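Chemist: Handing you a structure now.
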Amino acid sequence: MKNIVILFSGEGSNLLNIIETLHLKELQVAAAITNRPNAGGIAKAKAHQVPVEIIDHTNFNSRESFDEKLLQTIESYAPDLVVMAGFMRILTPIVTDNINAINVHPSLLPLFKGGKAIEKSFHSSELKGGISVHWVSSELDGGEVITQDSFVKAEDESLESFTQKIRNLEHKLLPEAIIQILKER
Ligand code: GRF
């Protein structure tokens, strides 16, 4: 079975979704790695016996030293693919040049790169919201887009309903993209 490593920083709804839909069926989630010791996703991964590695970025005095530790940890699992699911860290080429990684971003790239993409997209004049799965490069949210999905904003759309629609799309598209990429490897 092919194996993946998932990087996350927050609630981990995408992490949990990948574990529930794909783990030990289509692939093995070899480890879930987070930079935040209080990330909600930690308990979700542990509940499914997925090994969790916590690399607290505040314990490192440079971006490079954190990235070296992150790379070493990822490589120790020899993953076929690294999946970033809500991993809120800008990475240097120390990591990005040495791994094959995809990321899910809550906007129709190249629109709304970087943080607060959901809010920016919701408050914009764009008629649609959407998500992108893209290859990770050293340019933030700038790697080649693999696949996207979108929806038309409802007239009475609230930030909450908009966010929920984004999450639903992510939970459908990210696992599909992972399976497709692993098939091609
Ligand atoms: C997702 O919207 C993802 O696109 C963004 O961060 C969010 C992560 O949510 N980069 P979760 O931690 O998977 O619930």
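Chemist: With respect to E68, determine if the residue is farther than 21 Å from G12 by Cα, surrounded by 12 or more Cβ atoms within 10 Å (Cβ to Cβ) and either away from the ligand (no atom under 14 Å from the Cβ) or among the hydrophobic types (A, V, I, L, M, F, W, C) (or both).
Modeler: Against the criterion (farther than 21 Å from G12 by Cα, surrounded by 12 or more Cβ atoms within 10 Å (Cβ to Cβ) and either away from the ligand (no atom under 14 Å from the Cβ) or among the hydrophobic types (A, V, I, L, M, F, W, C) (or both)), E68 qualifies.
Chemist: Restricted to the stretch 51-64, and to residues that are assigned to a loop (DSSP other than H, G, I, E, B) and touching a helix residue (DSSP H, G or I) at 6+ places or on another chain (Cβ under 6 Å), which residue is surrounded by the most Cβ atoms within 10 Å (Cβ to Cβ)?
Modeler: I55
Chemist: If the requirement is being touching a strand residue (DSSP E or B) at 6+ places or on another chain (Cβ under 6 Å), farther than 14 Å from L174 by Cα, among the aliphatic types (A, V, I, L, M) and not in a strand (DSSP E or B), which of these qualifies: I33, I42?
Modeler: I42
Chemist: Additional query: Please go through the stretch 6-32 and pick out each residue that is away from the ligand (no atom under 12 Å from the Cβ) and either within 11 Å of the chain's Cα centre (by Cα) or basic (K, R) (or both). Let's see the steps before the verdict.
Modeler: Of all residues in the stretch 6-32, those away from the ligand (no atom under 12 Å from the Cβ) come to 20-31.
Answer for the stretch 6-32, where residues must be away from the ligand (no atom under 12 Å from the Cβ) and either within 11 Å of the chain's Cα centre (by Cα) or basic (K, R) (or both): just K25.
Chemist: Within the stretch 88-185, considering only helices (runs of 4 or more DSSP H) that don't extend past its boundaries, which have at least 1 residues that are surrounded by fewer than 17 Cβ atoms within 10 Å (Cβ to Cβ) and modelled with pLDDT under 95?
Modeler: In the stretch 88-185, 159-184 are the helices (runs of 4 or more DSSP H) which contain 1 or more residues that are surrounded by fewer than 17 Cβ atoms within 10 Å (Cβ to Cβ) and modelled with pLDDT under 95.
Chemist: Then there's this: Evaluate the stretch 117-130: report whether one residue or more is within 14 Å of the ligand (Cβ to nearest atom) and charged (D, E, K, R).
Modeler: Yes, the stretch 117-130 has at least one match.
Chemist: Another question, if that's okay. Right, I74: part of a helix (DSSP H, G or I), more than 16 Å from the ligand (Cβ to nearest atom) and either in contact with a strand residue (DSSP E or B) (Cβ under 6 Å, 6 or more places away or on another chain) or at pLDDT below 95 (or both) or not?
Modeler: When the stated conditions are applied, I74 passes them.
Chemist: Being free of Cβ contacts under 8 Å to residues at least 40 places away in the same chain and not hydroxyl-bearing (S, T, Y) narrows it down to one residue among G86, G129; which is it?
Modeler: Just one listed residue meets the conditions, G129.
Chemist: I want to confirm something. Restricting to the stretch 33-50 and keeping residues that are touching a helix residue (DSSP H, G or I) at 6+ places or on another chain (Cβ under 7 Å) and under 23 Å from I166 (Cβ atoms), which single residue is nearest to the ligand (Cβ to nearest atom)?
Modeler: Filtering the stretch 33-50 for residues that are touching a helix residue (DSSP H, G or I) at 6+ places or on another chain (Cβ under 7 Å) and under 23 Å from I166 (Cβ atoms), the one nearest to the ligand (Cβ to nearest atom) comes out as G41.
Chemist: May I ask you to list pairs of residues, at least six apart or on different chains, whose Cβ atoms are under 7 Å apart, with the first in the stretch 102-125 being without any contact (Cβ under 8 Å) to a residue 60 or more places away in the chain and the second being in a loop (DSSP other than H, G, I, E, B) and hydroxyl-bearing (S, T, Y)?
Modeler: From residues that are without any contact (Cβ under 8 Å) to a residue 60 or more places away in the chain, the pairs are A117/S107; S121/S107.
The values are calculated or read from the model by the stated rules, or taken from the named source; none is laboratory data. Just so it is clear, the model here is predicted, and its values are computed rather than measured. With ideal geometry, Cβ positions are generated from the backbone for all residues, glycine too; neighbour counts draw on all protein chains shown.
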